[in-house]
Amino acid sequence: MAAATIVASHAFKVVVAGSFAAGKSTLIREISDTDVVGTEAPTSGAEAAVKGTTTVGMEYGTFAVGDGDLAVELSLFGLPGQERFRFLWDIVSAGADGFLLLVDASRPETWPETAAMATRLGGHHATPLVVGINRVGTDVDLFDRVVEAVGALDAPHVACEVVDPASVREALVTVLLLVLDRLDPGEAPDPDDRIPHLP
Amino acid sequence: MTATLPTSATTGHPAEAVLAALLHRVTGVRGALVASVDGRPVASVLPSHDPGSTAAIVAASLGLGARLADLAGEGRLQEIVVRSASGYVVIYAVGERGVLTVLTNAAANLALLHLEARQVCTDLATLVEPLDRT
Ligand SMILES: Nc1nc2c(ncn2[C@@H]2O[C@H](COP(=O)(O)OP(=O)(O)OP(=O)(O)O)[C@@H](O)[C@H]2O)c(=O)[nH]1
Ligand SMILES: [Mg+2]
């Protein structure tokens, strides 16, 4: 249990990425144990037709997996989606332990852009990446088409309904398990031994 | 001392005349930009910077600055002042949805700038708000 003792005193930094309106902010607000610090501003122009506000800086929230002495704390950082805010990605992502890249299955026009993000984030080779597919429901065919469009085939792809805490939790646990495996590549034990009380 | 001659002006938006007047009125002002709070340029008179990327940096700074302002207590952020060896960058709220950014050299009189810029913000608010609602 040495590994669990080490991770228990540590918060892992998970950065939530994705294109405009993928659901990054909704995910963090849905799951955070603490009040989310955010930077929403009213949208203008064509983006105002999609939704009323957008992230212009970052979000910060927290999420604890497990409980007691063996809880693992995640610090969640949300990125802005638009190309014009891309300069913030490296700033907010500094020191990231893992990335969750969100893609909205209902907006295929955002898939190519998401593929480029996957390539960019995958380039942080040492940092684990999980692709979370939002609004895919139970549509297996749609899921497959998103996977094909986004690529990042080395990374796990999971359904991630950002308005469903159970689904978000599952996606974040997937990121965490990759992070833990990466910490200890020699002997990756059964995840259930390391993070008790998973859902 | 004269202001650096602007080499790029954006859209021909009426707010540009207001910015140009500010450049003439306050010694040391090198450029100015009006943008929406979500990071799109509306009008600018900038020495050499790209209005698009400048508007994005300003919007992000304003978003984070508002969270910093929360640390001071209740009440809206009024301005952000960045001072470097080369001068100031000052960011002011313009109504609910706009933001004014002023670049100056190191010799600029900040108190005078605040006085003039706050009046400019009032003038700009009527020019910027209707545009943002479209
Ligand atoms: N009903 C439903 N609405 C969703 C779902 N996912 C996202 N939305 C809506 O889609 C929008 C997503 O918005 P945000 O969470 O702000 O997206 P974001 O990725 O943070 O966007 P930016 O920060 O602007 O890039 C919101 O209006 C949500 O209500 C979903 O699974 N179900
Ligand atoms: Mg957001």
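Listing for the model above:
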{"item": "Overall Cα dimensions of the range A:90-150, principal axis frame, Å, largest first", "result": "35, 19, 17"}
{"item": "For the range A:146-162, Karplus couplings with θ = phi - 60° (6.51, -1.76, 1.60), whole Hz, Gly/Pro x", "result": "5, 4, 5, 6, 7, x, 6, 5, 6, 8, x, 10, 10, 5, 9, 7, 5"}
{"item": "Tail beyond 25 Å, pair distance distribution of chain B (Cα, percent)", "result": "17"}
{"item": "Computed Kirkwood radius, in angstrom, where 1/r is averaged over Cα pairs of the protein assembly as shown", "result": "21.7"}
{"item": "Ratio Rg/Rh [Cα only; Rh per Kirkwood] for the range A:35-82", "result": "1.20"}
{"item": "Kirkwood Rh, Cα atoms: Rg over Rh of the range B:66-134", "result": "1.01"}
{"item": "C-alpha center-to-center spacing [the range A:19-46, the range A:116-139] in angstrom", "result": "18"}
{"item": "Alpha-carbon Debye profile of the range A:10-189, log10 I(q)/I(0) at 0.08, 0.10, 0.18 Å⁻¹", "result": "-0.22, -0.35, -1.20"}
{"item": "Angstrom value of the Kirkwood radius, inverse mean 1/r, which spans all Cα pairs in the range A:1-112", "result": "15.0"}
{"item": "Potential lengthening between B:Ser48 and B:Arg67 on full extension [0.36 nm per residue; Cα-Cα distance subtracted]", "result": "3.9 nm"}
{"item": "Solvent-accessible area per residue for the protein assembly as shown (1.4 angstrom probe, square angstrom)", "result": "45"}
{"item": "10 Å Cβ neighbours from other chains, averaged over peptide A:32-44", "result": "4"}
{"item": "Accessible heavy-atom area order of A:Met58, A:Met117, highest first, probe of 1.4 Å", "result": "A:Met58, A:Met117"}
{"item": "Simple spin-label estimate for B:Ala85 and A:Leu183 in nanometres, 7 Å along Cα-Cβ", "result": "4.2"}
{"item": "Table column - 3J(HN,Hα) (Hz), the range A:78-91, Karplus curve with 6.51, -1.76, 1.60, x for Gly and Pro", "result": "x, 9, x, x, 6, 3, 5, 9, 4, 4, 7, 4, 5, 5"}
{"item": "Fluctuation leader among A:Gly66, A:Gly45, A:Gly122 - chain A, Gaussian network, Cα springs under 10 angstrom", "result": "A:Gly45"}
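The values are calculated or read from the model by the stated rules, or taken from the named source; none is laboratory data. All figures in this text were calculated on a predicted structure; none of them were measured in a lab. With ideal geometry, Cβ positions are generated from the backbone for all residues, glycine too; neighbour counts draw on all protein chains shown. All accessible areas refer to the heavy atoms of the entire protein, side chains included, with ligands and DNA or RNA removed. Shrake-Rupley method; radii C 1.70, N 1.55, O 1.52, S 1.80 Å.
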